[in-house]
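Below is one structure; the comments refer to it alone.
What follows draws every value from the coordinates through simple rules; no lab data is involved. Every value quoted in this text rests on a predicted model; they were computed, and no experiment measured them. Quick reminder, even Gly has a Cβ in these numbers, built from the backbone with ideal geometry, and neighbours come from all protein chains shown.
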Amino acid sequence: MCSKPLAGKVLTWGGALLLPCLVAASLQARVLQTPEQALQLAFPGCTLEQRTLYLTAEQKSALKAQGFDSVPGLVTQYRVYRGEELVAFAYWDTHRVRTLPQTLLVILDPQGAVLRVELLAFAEPPDYLPREGWYRHMVGTSLQRPPKVGDTVPPVAGATLTAHATTAAVRRILALHQVVAR
């Protein structure tokens, strides 16, 4: 007779312990690839050089003047070399989509135009992800022709917030690259 109430207490207690673990697991971003993996896939056989850049007050002001409110103090820049030739720059950007983060790797050519956008991590439900081919619409965008949903980039039904967050991140990286490349 005591086993039923005891079993109910154990299940309730066990469920109470399990619930935070389930919530924490669901809040973690699904990491799809590291920046290094994405760059090695995009540029097989190339050499990667990772640099940590500390933005000056002047660089931060220049970005804020362009309308970017949250300006990092520290930036990771990747340089991709084929032999001695610099073939690409890359930066990663983590930002909120709806309520959870997304991390992108934006790869630029030496002139500062987008070569690729790679999704590194996504914590929102998978239904909010655009199809993989959608990211190719960013290729060729630049500060002179920035990505904008409904203009240079098509809208995405069911992933509107992701599309807007992604294009904003790419514009932010384009502006950041211009500031640090001076």
**OP:** For region 92-106, just list the computed ³J(HN,Hα) in residue order, Karplus coefficients 6.51, -1.76 and 1.60, θ = phi - 60°, integers in Hz, with x standing in for Gly and Pro.
**Re:** 10, 9, 10, 8, 8, 8, 10, 10, 10, x, 9, 10, 10, 10, 9
**OP:** Could you work out the local net charge near Lys148, counting Lys and Arg as +1, Asp and Glu as -1, over the other residues with Cβ closer than 14 Å to its Cβ?
**Re:** +2
**OP:** Report the label-to-label distance for Thr47 and Glu132 in nanometres (one decimal), using points 7 Å from each Cα along the Cα→Cβ vector.
**Re:** 3.1 nm
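Which trypsin sites (Lys or Arg not before Pro) from region 45-137 combine a DSSP loop assignment with at most 15 other Cβ atoms within 10 Å?
When the trypsin sites (Lys or Arg not before Pro) of region 45-137 are filtered for loop state and at most 15 Cβ neighbours within 10 Å, Arg98, Arg131 remain.
For region 140-182, just say rounded, prolate or oblate: build the C-alpha gyration tensor, square-root its eigenvalues into a ≥ b ≥ c, call rounded for a/c under 1.5, and beyond that prolate if a/b exceeds b/c, oblate if not.
Oblate shape, in that a/c is at least 1.5 and b/c is the bigger or equal ratio.
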Original post:
What residues qualify as long-range amide H neighbours of Ala121, i.e. H under 5 Å apart, gap of 5 or more or another chain, H built at 1.01 Å from N?
Top reply: Leu32, Thr103
Original post:
To the nearest 0.05, what FRET efficiency results for Ser70 and Arg145 with a Förster distance of 35 Å applied to their C-beta separation?
Top reply: 0.90
